[in-house]
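The values are calculated or read from the model by the stated rules, or taken from the named source; none is laboratory data. All values derive from a computational prediction rather than experimental measurement. All Cβ positions, glycine included, derive from the backbone under ideal geometry; neighbour counts span all protein chains shown. Side chains included, ligands, DNA and RNA excluded: accessible areas come from the protein's heavy atoms. Shrake-Rupley method; radii C 1.70, N 1.55, O 1.52, S 1.80 Å.
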Amino acid sequence: MPDQTELLSTIPLFASLPKKDLRSLAQSANDMTYEPGTRLASQDELGAMFFVVVSGEADVVVNGQHRKRLGPGEYFGEMSMIDRAPRSADVVAASKVALLVFTQWEFRPFLKAHPDVAWGLLEGLVKRLREVQKALAVDAS
């Protein structure tokens, strides 16, 4: 896997961070690779990790229904990391997938120290909420 600091600089959520902060974040990242079909997160289970897709793709499945395919630069696990509630979806590797994995114990303090990244997570959450609302409106009609 490429240098994690350089890799993090290509992820939109982290792209505006100074090199020093990227290095700090990279030190807390674990790089993991999973085979297709591997369950990366399970709906209704507690989760303590935040994942960033480096390469490959992963499917988001809610109540057995495919909702979205995640690709490089996208992330998941932020909701459980923020509120410590059970995960809202299953996430399954659709192909061989490489991830950067952060524990909430390391990532939460980083967010508190970097409000611009926390704001980016909020923007991502709002975008996902709007997508869900739109899908529900279509299903209701």
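Restricting the stretch 112-136 to residues that are over 14 Å from the mean Cα position of the chain (by Cα) and farther than 18 Å from ARG67 by Cβ, the residue that is least open to solvent (accessible area, probe 1.4 Å) is HIS114.
Give the residues of the stretch 63-73 that are open to solvent by 40 Å² or more (accessible area, probe 1.4 Å) and in contact (Cβ under 8 Å) with a residue 60 or more places away in the chain, sorted by residue number.
Taking the stretch 63-73 and keeping what is open to solvent by 40 Å² or more (accessible area, probe 1.4 Å), we get 63-69, 72.
Matches in the stretch 63-73: ARG67, LYS68.
So ASP139 passes all but one of these: (1) free of Cβ contacts under 8 Å to residues at least 60 places away in the same chain; (2) open to solvent by 30 Å² or more (accessible area, probe 1.4 Å); (3) of a type in the set (Asp, Glu); (4) closer than 15 Å to ILE11 by Cβ. Which condition number does it fail? Exception for ASP139: condition (4). A single member of ALA140, ALA48 is under 26 Å from LEU17 (Cβ atoms) and among the small types (Gly, Ala, Ser), and it is ALA48. For the stretch 24-55, residues that are aliphatic (A, V, I, L, M) and touching a Phe, Trp or Tyr at 6+ places or on another chain (Cβ under 8 Å) total 8. Once the stretch 42-62 is narrowed to residues that are of a type in the set (Val, Ile, Thr) and more than 20 Å from TRP119 (Cβ to Cβ), the residue that is least open to solvent (accessible area, probe 1.4 Å) is VAL53. Annotation: of all residues in the stretch 23-41 being surrounded by 15 or more Cβ atoms within 10 Å (Cβ to Cβ) and touching a Lys or Arg at 6+ places or on another chain (Cβ under 8 Å), the one that is nearest to LYS96 (Cα to Cα) is TYR34. Number of residues in the stretch 75-95 that are under 24 Å from LEU25 (Cβ atoms) and either open to solvent by 60 Å² or more (accessible area, probe 1.4 Å) or touching a residue at least 40 places away in the same chain (Cβ under 8 Å) (or both) equals 9.
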